Amino acid sequence: TPFDQRERILSFRFVPNYDMIITASTRTDDVLAAWRQMATGVGSAVAGVLVVLLALLIFALRQINAHVDSEKWLLASQELLDGIFATTHFCLVCLDLDFNFIRVNQAYAEACRHPPEFFPGKNHFALYPHPENEAIFREMATRGKSFTISRSGDRGVGKGCRPGWGPVDSKKRTA
């Protein structure tokens, strides 16, 4: 300044509808102190937000990787199941817990004289009513009890059974 021959630094902020704030000093630190304080606060807040965003991104990437791994496993399982259904020559049926057909193989469809596309969504016991079999199926589904079919008895794949129709009483059987 012309009065004392010292260099001064001046800073100000203009905010509409507020008084102008002017800071004058001979030291740079004094002028920049308010700005540094504000910048430090803003920088800390931004750093905190970035840390949270980074943590969320890492979490999301892990979830995506887990989903991709599950999808790969599911596709491999589906391919295996498709292969089993396509190559088995014995009757193979997949039912839901309400005994609705999910899928049948060609051998089952041929034994029941329908195309495989006929079955999905239809209830097994609506198509082939059999109270004894339904009771066995329900017990297996609700209690997780297993049921073994013998080839030599009146039940099962051997004599006395028609696929999809349930067991046939061998005493009433004709032909």
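The values are calculated or read from the model by the stated rules, or taken from the named source; none is laboratory data. Keep in mind it's a predicted model, so treat the numbers as computed, not measured. Quick reminder, even Gly has a Cβ in these numbers, built from the backbone with ideal geometry, and neighbours come from all protein chains shown.
Some observations on this one:
- Of note, Phe99 satisfies the criterion of being on the phi > 0 side of the Ramachandran plot, surrounded by 15 or more Cβ atoms within 10 Å (Cβ to Cβ) and of a type in the set (A, V, I, L, M, F, W, C).
- Residue within region 133-151 that is surrounded by 13 or more Cβ atoms within 10 Å (Cβ to Cβ), in a loop (DSSP other than H, G, I, E, B), modelled with pLDDT under 90 and not basic (Lys, Arg) present: no
- Here Asn105, Asn123 are screened, and the one residue that is farther than 22 Å from Gly83 by Cβ and polar (S, T, N, Q) is Asn123.
- Residue in region 76-89 that is over 32 Å from the mean Cα position of the chain (by Cα) and either modelled with pLDDT under 90 or surrounded by fewer than 10 Cβ atoms within 10 Å (Cβ to Cβ) (or both) present: yes
- Listed by first and then second residue, the pairs with beta-carbon distance under 9 Å, at least 6 apart or on different chains, first residue in region 75-89 and within 13 Å of Arg103 (Cβ to Cβ), second among the aliphatic types (A, V, I, L, M), are Ile84/Leu92; Phe85/Leu92; Phe85/Val104; Thr88/Ala107.
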